[in-house]
Amino acid sequence: MTATEERKFFPEIMTGTHGPEEGAGAGTPWPDDVPPGQDDTWYPLRDDPWRAQRLEYFIAMLWGVTGVCGIGLMVVYWTGGQAQLEGYLLLAAFGCLGVGLLLWARNLLPGHEVTAVRHQHISDPEVRAAVVDSLARGAEPMMSRRGFLVKKVLVPVGGIFGIAALWPLASLGPRPDSALYHTKWYPGARLVTEDGRAITVDDIMVDGILTVWPEGYIDNPESGAVIINIGGAPVQARPGQAGFEVVSGANGLVCFSKVCTHAGCAVSLFNVLSMQLICPCHQSTFNILQDCKPVFGPASRPLPQLPLGVAPGGYLIARSDFIEPIGPGFWNRSGD
Ligand code: FES
């Protein structure tokens, strides 16, 4: 329906029989919403069907390239991935898709401007119905007259490209399950230095500190721990963690995870005067004598403590894994 027909069928819209309470004076015609004689179904190539069809085929070809690039992405990803090639394929795919959409919108869809005068009040139901009708006519060239482009090209290509976009989900890897809750510490694991040497209760002098791993796992960063000899200083244990330290003569040995509970950096600085461990990344500071609870910085959880024991020969061993997850709180820690 053209604007002229619309005027014929909805004369009250164009001439206005609205009362004075609606903003126009009695008998004053409303300004037209659509200028007389304007055809709101017009598009640039409507009068040139041959060129319209050629353009349609060209757009289909562009979107076909997008589909081929989508398949190419799947193949490249499946065969091991190659970041540069994937980048070129993505560039070509999105480029062709975008150029095709641009050509379609500029040449095959109604694209001229309609200037309407703004009304101050809500329109009549007839006016609103006419607007809906006009919108439907505007969508028609896209959804029905261009069925070839929409149904036979855009939808399949979108499907292929959508599937290609889902493939990188496989890169997320296997589910971690309970792996995030455990380290390589096990009952009876000897504490060893980075060169694999097992340590005894007498190896660390008072106020000394050493980084240790479970024997056989010195390459496992999650299992790194620091052991500190606090001498005879009193320690405050958290509920359920009393007796995690080893006291032998003048030595008092406590061991904590080396993985910062803020963002996972290695806690590697030790202030012997204040008996504090400090993370160099954001300066979270943990009080060793108070269960390594954070006293400064962004960390909100204490460093987990390793329960220590002594094996024959005076070797220091772990009595179990940490009894709580180490590191930052990426997972559920209800009760913290
Ligand atoms: S990672 Fe340790 S303070 Fe941020």
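Which count do you get for residues in the range 274-283 that are over 31 Å from the mean Cα position of the chain (by Cα) and within 15 Å of the ligand (Cβ to nearest atom)? Spell out how you get there, then give the answer.
Initially, the range 274-283 is screened for residues over 31 Å from the mean Cα position of the chain (by Cα), giving 274-277.
Those still in the list that are within 15 Å of the ligand (Cβ to nearest atom) too: 276-277.
Qualifying residue count, the range 274-283: 2.
Among the residues of the range 261-281, what is the count of those that are crowded, with 23+ Cβ neighbours inside 10 Å and either farther than 14 Å from Pro294 by Cα or touching a strand residue (DSSP E or B) at 6+ places or on another chain (Cβ under 7 Å) (or both)? Please lay out each step first, then the result.
Start the filter on the range 261-281 by keeping residues that are crowded, with 23+ Cβ neighbours inside 10 Å, which leaves 261, 267, 277, 279.
Right, trim to either farther than 14 Å from Pro294 by Cα or touching a strand residue (DSSP E or B) at 6+ places or on another chain (Cβ under 7 Å) (or both) and you get 267, 277.
Selection size over the range 261-281: 2.
If I filter the range 175-185 for residues that are of a type outside the set (A, V, I, L, M), closer than 14 Å to Gly309 by Cα and surrounded by 17 or more Cβ atoms within 10 Å (Cβ to Cβ), do I get at least one hit? It would help to see each step written out before you state the result.
Keep residues of the range 175-185 that are of a type outside the set (A, V, I, L, M), which gives 175-178, 181-185.
Add one more test, that the residue is closer than 14 Å to Gly309 by Cα, and what stays is 185.
Okay, now just the ones that are also surrounded by 17 or more Cβ atoms within 10 Å (Cβ to Cβ), so 185.
Looking through the range 175-185, at least one residue is of a type outside the set (A, V, I, L, M), closer than 14 Å to Gly309 by Cα and surrounded by 17 or more Cβ atoms within 10 Å (Cβ to Cβ).
Being surrounded by fewer than 17 Cβ atoms within 10 Å (Cβ to Cβ), modelled with pLDDT of 75 or more and part of a loop (DSSP other than H, G, I, E, B), is that true of even one residue in the range 162-174? Show your work before the answer.
Narrowing the range 162-174 to residues surrounded by fewer than 17 Cβ atoms within 10 Å (Cβ to Cβ): 162-163, 165-174.
Then drop every residue that is not modelled with pLDDT of 75 or more, which leaves 162-163, 165-174.
Adding the requirement that they be part of a loop (DSSP other than H, G, I, E, B) leaves 173-174.
So far as the range 162-174 goes, yes, one or more of its residues are surrounded by fewer than 17 Cβ atoms within 10 Å (Cβ to Cβ), modelled with pLDDT of 75 or more and part of a loop (DSSP other than H, G, I, E, B).
Residue check: is Asn251 of a type outside the set (Phe, Trp, Tyr), at pLDDT below 95 and under 25 Å from Thr200 (Cα atoms)? Walk me through how you get there before you give the answer.
On the way: of a type outside the set (Phe, Trp, Tyr): yes; at pLDDT below 95: yes; under 25 Å from Thr200 (Cα atoms): yes.
Yes.
Report the residue count in the range 313-334 for those that are modelled with pLDDT of 95 or more and over 20 Å from Ile228 (Cβ atoms).
Result for the range 313-334: 0.
Considering only residues that are within 16 Å of the ligand (Cβ to nearest atom) and closer than 21 Å to Leu210 by Cβ, which ones fall in the range 287-296? Explain how you work it out, then say what you get.
Of all residues in the range 287-296, those within 16 Å of the ligand (Cβ to nearest atom) come to 287-288, 292-296.
Scanning the range 287-296 gives Asn287, Ile288, Cys292.
Identify, by number, the condition in (1) within 16 Å of the ligand (Cβ to nearest atom); (2) in contact with a Lys or Arg (Cβ under 7 Å, 6 or more places away or on another chain); (3) assigned by TED's automatic domain parsing to the domain that holds Asp203 that Pro325 doesn't meet.
If we test Pro325 against (1) within 16 Å of the ligand (Cβ to nearest atom); (2) in contact with a Lys or Arg (Cβ under 7 Å, 6 or more places away or on another chain); (3) assigned by TED's automatic domain parsing to the domain that holds Asp203, just (3) comes out false.
Looking for something part of a loop (DSSP other than H, G, I, E, B) and either surrounded by 12 or more Cβ atoms within 10 Å (Cβ to Cβ) or touching a Gly at 6+ places or on another chain (Cβ under 6 Å) (or both) - is there at least one such residue anywhere in the range 207-214? Lay out the reasoning, then the answer.
Step one: list which residues in the range 207-214 are part of a loop (DSSP other than H, G, I, E, B), which gives 207-208.
Those still in the list that are either surrounded by 12 or more Cβ atoms within 10 Å (Cβ to Cβ) or touching a Gly at 6+ places or on another chain (Cβ under 6 Å) (or both) too: 207-208.
Within the range 207-214, one or more residues are part of a loop (DSSP other than H, G, I, E, B) and either surrounded by 12 or more Cβ atoms within 10 Å (Cβ to Cβ) or touching a Gly at 6+ places or on another chain (Cβ under 6 Å) (or both).
So that you can scan it fast, the table gives a plain yes or no per residue for (1) within 14 Å of the ligand (Cβ to nearest atom); (2) more than 32 Å from the chain's Cα centre (by Cα); (3) not aliphatic (A, V, I, L, M):
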site: Val259; (1), (2), (3): yes, no, no
site: Ala266; (1), (2), (3): yes, no, no
site: Thr285; (1), (2), (3): yes, no, yes
site: Pro298; (1), (2), (3): yes, no, yes
site: Arg301; (1), (2), (3): yes, no, yes
site: Leu306; (1), (2), (3): no, yes, no
site: Ala311; (1), (2), (3): no, yes, no
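Evaluate the following for Val247: is it away from the ligand (no atom under 16 Å from the Cβ) and of a type in the set (A, V, I, L, M)?
Working: away from the ligand (no atom under 16 Å from the Cβ): yes; of a type in the set (A, V, I, L, M): yes.
Criteria met by Val247.
Cβ-Cβ below 7 Å, separation at least six or inter-chain, first residue in the range 159-176 and farther than 16 Å from Trp63 by Cβ, second surrounded by 10 or more Cβ atoms within 10 Å (Cβ to Cβ): which pairs?
Close Cβ pairs (under 7 Å, with a partner that is surrounded by 10 or more Cβ atoms within 10 Å (Cβ to Cβ)) amount to Trp167/Met74; Trp167/Tyr77; Pro168/Tyr77.
Kindly list the number of the only condition in (1) within 16 Å of the ligand (Cβ to nearest atom); (2) aromatic (Phe, Trp, Tyr); (3) closer than 17 Å to Arg190 by Cβ that fails for Tyr217.
Answer for Tyr217: the failing condition is (1).
Out of the residues in the range 71-82 meeting the condition of being among the small types (Gly, Ala, Ser) and modelled with pLDDT under 90, tell me which one is farthest from the chain's Cα centre (by Cα). Show your work before the answer.
Here is the first cut: in the range 71-82, the ones among the small types (Gly, Ala, Ser) are 72, 80-81.
Add one more test, that the residue is modelled with pLDDT under 90, and what stays is 80-81.
Values: Gly80: 23, Gly81: 21 Å.
For the range 71-82, the residue satisfying everything is Gly80.
The values are calculated or read from the model by the stated rules, or taken from the named source; none is laboratory data. Everything numeric here is computed off the predicted structure, so don't read it as measured data. FYI the Cβ positions are ideal-geometry reconstructions off the backbone, even for glycines, and counts take in every protein chain you see.
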